[in-house]
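Quick notes on the structure that follows.
The values are calculated or read from the model by the stated rules, or taken from the named source; none is laboratory data. Predicted, not measured: the structure shown is a model, and the values here were computed from it. Positions of Cβ are backbone-derived with ideal geometry, glycine not excepted, and every protein chain shown enters the neighbour counts.
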Amino acid sequence: MQIRTLSPDLSICDQPRPEDMARIAELGFRAVIGNRPDGEEAGQPTWAELAAAAAQAGLAARHLPIGGQVSAADQAEAFARALGEMPGPVLAWCRSGNRAEQVARLALGFRHERHHRVVVVGGGSAGIATIASLLKRRKGLDIAVVEPREEHYYQPGWTMVGGGVFKPRDTVRPTGKIMPKGAHWLHAGCIGFDPDRKAILLDDGTRLTYEVLIVAMGNRLAWEAVDGLEAALGQFGVTSNYRYDLAPYTWELVRAMRGGRALFTQPPMPIKCAGAPQKAMYLSCSEWRRSGVLGGIEVEFHNAGTALFGVADYVPALMEAVHGYGIDLRFGSNLVAVDGPAREATFRTAEGEVTRRFDMLHAVPPQAANAIVAASPLADAGGYAQVDPATLRHVRYPEIFALGDGCNTANAKTAAAARKQAPVVAVNALAVLDGEAPLAGYDGYGSCPLTVDRGHIVLAEFAYGGKLAPTLPTWLIEGKRPSRLAWHLKADALPAIYWHGMLKGREWLVQPVPLQ
């Protein structure tokens, strides 16, 4: 029996036995709550047996089972009432303690409530940009952001770190330094949504209510979905630019490699920045060509999909890069296992599983919806927040909006998309706050600067349906061809635009347009 303390008056544990009740009383507990239904497994003590032993030990007892059709949220109010009525401290349990902890935290939220007119869940790119745009339009707005992380990352820069262009320090700032003035920063994480009551639950036990909720929690990198990958990362030649701490290792491997086989992977869609897997490959090949070793390196691109890029207009320029570097394209090849010490990667293909030995492996993890959103009423069948693609307003809860990598819009999941979405959400959220209908529309814009070598970029910009959507005149940057000017935009201008524009509410070239 492992006891974990949640508050001075409440602890949780895994399944106790009737003979444990006397020991529980000796530890100072005065009441117990059982959250496990009877009959879950053979040999499990019944509630009647546990309650009788608790009474004999002088403990108050209450049974609030969770399981089957009864969720932790269903029992939260009853649990909160029990805490108010029973003598403390209280010990609650289920089989492992997880359900007991979930309902306990929900119940504690009923005892610690806080309200803000606007609540933003997530202090990443999309969340901070939206807050800045809101406060730009309405100074003094009562707005809170729920974000537990103390550091904020410019994730598009990690590809450049892996290519030896940026330093890791170029891509990180303290969260407090980029938090918009006027926003209330709650240093906590969201662990549950209760949209019917216009509330969310935080991991510190707070129940936070709102008039308008904006969800910007991103998606999840599912490293565990590839057998052996997590254990191999950062050693054995296994790396990924999708992690801040690993991007420098990518550059270390590239500089050290003089021959052998380099594998680059791309998992099934949707993923963050669909061009990033091949950007890592092109930058690596560019360095190997510069140092004169490319001819001795076998480069393979294992793409779980069937096309090099989702917008056909940009594929010819990318194919020129592929042929120029001598890259072996392998479509329909999905990474499923990594044996780091043996330096072997296994791929699932239409013909069966194929194992390839490597000297360097740049692995892109499969990606999934945020687990908290996926478990909530906000989610679609795939686990992403379900919103109208134009207004970014939730399809069932009119006071909720979602943007960024965690919503189910069909645009590319990029920082450029979040930059375009943030002003739209800001305008529409304020309209809803004022009792009006949404006013602004999002056209699905996304941008992917495809770095084909160190010095040239194919600047892919497109909207819903793959429609080309160039920001600058094509005589200045022809997006379908590699451009040195696009390289300078990526390497020199975009970081400054991110830190000093997007996160400050400066909507350069992304002003919201009226809803069509």
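List the pairs whose first member sits in the range 388-401 and is in contact (Cβ under 8 Å) with a residue 60 or more places away in the chain and surrounded by fewer than 19 Cβ atoms within 10 Å (Cβ to Cβ), whose second member is assigned to a strand (DSSP E or B) and of a type in the set (Val, Ile, Thr), and whose Cβ atoms are under 6 Å apart, counting only residues at least 6 apart or on separate chains?
Filtered contacts from the range 388-401: 399/212.
Considering each residue of the range 371-389, count those that are of a type in the set (S, T, N, Q) and either outside any loop (DSSP other than H, G, I, E, B) or at pLDDT below 95 (or both), and give that number.
Step one: list which residues in the range 371-389 are of a type in the set (S, T, N, Q), which gives 376, 386.
Cutting the leftovers down to either outside any loop (DSSP other than H, G, I, E, B) or at pLDDT below 95 (or both) gives us 376.
Counting residues in the range 371-389 that are of a type in the set (S, T, N, Q) and either outside any loop (DSSP other than H, G, I, E, B) or at pLDDT below 95 (or both) gives 1.
Before we move on, is residue 23 charged (D, E, K, R) and at pLDDT below 85? Break it down into steps so the answer makes sense when it comes.
Values: charged (D, E, K, R): yes; at pLDDT below 85: no.
So residue 23 fails the test.
Could you give me the residue pairs with C-beta distances under 9 Å whose first residue belongs to the range 1-23 and is touching a residue at least 60 places away in the same chain (Cβ under 8 Å), whose second residue is among the charged types (D, E, K, R) and assigned to a strand (DSSP E or B) wherever it lies, and which are 6+ apart or on separate chains?
What qualifies is 11/4; 12/4; 13/4.
When you look at residue 423, is it assigned to a helix (DSSP H, G or I) and touching an Asp or Glu at 6+ places or on another chain (Cβ under 7 Å), yes or no?
Judged against the criteria, residue 423 is a match.
Which count do you get for residues in the range 221-247 that are in contact with a helix residue (DSSP H, G or I) (Cβ under 7 Å, 6 or more places away or on another chain), surrounded by fewer than 19 Cβ atoms within 10 Å (Cβ to Cβ) and either without any contact (Cβ under 8 Å) to a residue 12 or more places away in the chain or not in a loop (DSSP other than H, G, I, E, B) (or both)?
3
Please enumerate the residues belonging to the range 184-217 that are surrounded by 19 or more Cβ atoms within 10 Å (Cβ to Cβ) and at pLDDT 95 or above.
Answer for the range 184-217, where residues must be surrounded by 19 or more Cβ atoms within 10 Å (Cβ to Cβ) and at pLDDT 95 or above: 210, 212, 213, 214, 215, 216, 217.
Here is a yes/no grid of residues against (1) closer than 18 Å to residue 208 by Cβ; (2) modelled with pLDDT of 85 or more; (3) surrounded by fewer than 18 Cβ atoms within 10 Å (Cβ to Cβ):
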{"site": "61", "(1), (2), (3)": "no, yes, no"}
{"site": "65", "(1), (2), (3)": "no, yes, yes"}
{"site": "76", "(1), (2), (3)": "yes, yes, no"}
{"site": "88", "(1), (2), (3)": "no, no, yes"}
{"site": "99", "(1), (2), (3)": "no, yes, no"}
{"site": "102", "(1), (2), (3)": "yes, yes, no"}
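Tell me, yes or no, whether the range 457-475 has at least one residue that is of a type in the set (A, V, I, L, M, F, W, C), more than 18 Å from residue 274 (Cα to Cα), at pLDDT below 95 and over 27 Å from the mean Cα position of the chain (by Cα).
yes
Out of curiosity, is residue 74 closer than 28 Å to residue 198 by Cα, part of a helix (DSSP H, G or I) and not assigned by TED's automatic domain parsing to the domain that holds residue 208?
Taking the combined requirement at face value, the residue satisfies it.
Hey, can you tell me all the residues within the range 338-356 that are of a type in the set (Lys, Arg) and either modelled with pLDDT under 95 or closer than 17 Å to residue 225 by Cα (or both)?
The one that is of a type in the set (Lys, Arg) and either modelled with pLDDT under 95 or closer than 17 Å to residue 225 by Cα (or both): 348.
If I filter the range 448-473 down to residues being assigned to a loop (DSSP other than H, G, I, E, B) and at negative phi, which single residue comes out as surrounded by the fewest Cβ atoms within 10 Å (Cβ to Cβ)? Walk me through it before giving the result.
Start the filter on the range 448-473 by keeping residues that are assigned to a loop (DSSP other than H, G, I, E, B), which leaves 454-455, 463, 467, 469-473.
From what is left, the residues that are at negative phi are 454, 463, 467, 469-473.
Working: 454: 18, 463: 18, 467: 13, 469: 17, 470: 16, 471: 17, 472: 15, 473: 8.
By that ranking, first place goes to 473.
Can you tell me which residue is farthest from residue 159 (Cα to Cα) among those in the range 474-495 that are assigned to a loop (DSSP other than H, G, I, E, B), out of contact with any Phe, Trp or Tyr (no Cβ under 8 Å at 6 or more places or on another chain) and touching a residue at least 60 places away in the same chain (Cβ under 8 Å)?
481
So which residues in the range 254-273 are touching a residue at least 24 places away in the same chain (Cβ under 8 Å), exposed (fewer than 15 other Cβ atoms within 10 Å of the Cβ) and aliphatic (A, V, I, L, M)?
269
Failed condition for residue 121, given (1) under 18 Å from residue 499 (Cβ atoms); (2) modelled with pLDDT of 95 or more, with all others met?
If we test residue 121 against (1) under 18 Å from residue 499 (Cβ atoms); (2) modelled with pLDDT of 95 or more, just (1) comes out false.
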